[in-house]
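Take a look at the structure set out below.
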Amino acid sequence: MVESPVENAYRMEIEVVEGDIDVLGHVGNSVPIRWMNEAAWGHSKALGYDLEGYRRLGGWFVVKRFEVEYQTPGYLGERLIGFTWPDGLWKATARRRHLIVKEGDGEVVAEGMNVWAYVDVETGRPRRIPEELRNAFDPRKFPPV
């Protein structure tokens with residue numbers, strides 16, 4: 001079993017399907033970004049913050065920056081594991097890390113980092129992250145293993 005890089009990381013199982021494959025026969029460049037976004041959203045919902053939860057707070061996170069480092073190609077039919085966890089929190093931004101590995105041997109497919117801006121639901125302007133969210137996504141809850 002592949003172990004998480006940090007305690008309490010969100011874990012998402014991934015099966016590489018035909019739609020994930022590009023003309024070169026491996027996982028396309030944009031696909032790991034999609035998986036990382038899906039994992040981030042899954043983690044948020046697991047912590048109790050779905051779309052309605054964010055509306056209740058009057059703000060939500062939008063991606064400000066995304067970085068991905070591709071290390072090993074993924075192929076049709078492979079089973080992968082995606083991990084994600086918060087690792088930075090400031091006034092109106094938060095940083096999240098991602099790791100996608102092959103289920104069998106733990107070989108790294110891609111690593112990622114994104115910065116999220118917390119914005120007002122109505123205006124789209126940045127606003128301070130509420131204390132409730134700061135507590136839920138506190139990076140100290142996700143120490144290295």
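Please determine whether any residue of the stretch 64-80 is touching a Phe, Trp or Tyr at 6+ places or on another chain (Cβ under 7 Å) and within 22 Å of PRO139 (Cβ to Cβ). The answer is yes; a qualifying residue exists.
Mind checking whether some residue in the stretch 25-39 is of a type in the set (Lys, Arg) and either more than 30 Å from ASP120 (Cα to Cα) or in contact (Cβ under 8 Å) with a residue 12 or more places away in the chain (or both)?
In the first step, residues of the stretch 25-39 are kept if they are of a type in the set (Lys, Arg); the result is 34.
Narrowing further to those that are either more than 30 Å from ASP120 (Cα to Cα) or in contact (Cβ under 8 Å) with a residue 12 or more places away in the chain (or both): none.
No, there is no match, as no residue in the stretch 25-39 is of a type in the set (Lys, Arg) and either more than 30 Å from ASP120 (Cα to Cα) or in contact (Cβ under 8 Å) with a residue 12 or more places away in the chain (or both).
Residue-level analysis places TYR10 outside the set of residues that are surrounded by 12 or more Cβ atoms within 10 Å (Cβ to Cβ), more than 20 Å from PRO143 (Cα to Cα) and in contact (Cβ under 8 Å) with a residue 40 or more places away in the chain.
To keep it simple, each residue is scored yes or no on (1) within 30 Å of ILE21 (Cα to Cα); (2) of a type in the set (D, E, K, R).
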residue	(1), (2)
ALA39	yes, no
SER44	yes, no
GLY53	no, no
GLU69	yes, yes
TRP85	yes, no
ALA94	no, no
ASP105	yes, yes
VAL121	no, no
GLY124	no, no
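Taken over the stretch 109-145, the criterion of being closer than 30 Å to GLU3 by Cβ, assigned to a strand (DSSP E or B), touching a Pro at 6+ places or on another chain (Cβ under 8 Å) and at pLDDT 95 or above is satisfied by VAL109, ALA110, GLY112. Of the residues that make up the stretch 74-81, is at least one buried (at least 16 other Cβ atoms within 10 Å of the Cβ) and in a loop (DSSP other than H, G, I, E, B)? Checked against the condition, which is being buried (at least 16 other Cβ atoms within 10 Å of the Cβ) and in a loop (DSSP other than H, G, I, E, B), the stretch 74-81 yields at least one hit. For the stretch 86-108, a residue qualifies if it is modelled with pLDDT of 95 or more and of a type in the set (Gly, Ala, Ser), and the qualifying residues are GLY88, ALA92, ALA94, GLY106. Only one of the listed residues (ARG96, ARG55) is under 11 Å from the mean Cα position of the chain (by Cα) and among the charged types (D, E, K, R). That residue is ARG96.
Might you check whether a residue that is within 22 Å of GLU3 (Cα to Cα) and either in a loop (DSSP other than H, G, I, E, B) or of a type outside the set (Gly, Ala, Ser) (or both) occurs anywhere in the stretch 88-96? Yes - at least one qualifying residue is present in the stretch 88-96. Pairs are defined by a Cβ separation below 6 Å, a sequence spacing of at least 6 or placement on different chains, a first member in the stretch 94-116 that is surrounded by fewer than 21 Cβ atoms within 10 Å (Cβ to Cβ), and a second member that is part of a loop (DSSP other than H, G, I, E, B); the pairs so defined are GLY106/VAL2; GLU107/THR72; VAL108/GLN71. In a helix (DSSP H, G or I), surrounded by fewer than 16 Cβ atoms within 10 Å (Cβ to Cβ) and touching a strand residue (DSSP E or B) at 6+ places or on another chain (Cβ under 8 Å), is that true of GLU38? Here the answer is yes, as GLU38 does meet what is asked. Against the test of being closer than 20 Å to VAL115 by Cα and part of a loop (DSSP other than H, G, I, E, B), the options TYR49, TYR54 yield a single qualifying residue, TYR49.
The values are calculated or read from the model by the stated rules, or taken from the named source; none is laboratory data. Bear in mind that the values here come from a model prediction, so they are computed numbers and not experimental data. As a convention, Cβ positions derive from the backbone with ideal geometry for all residues, glycine included, and neighbour counts pool all protein chains shown.
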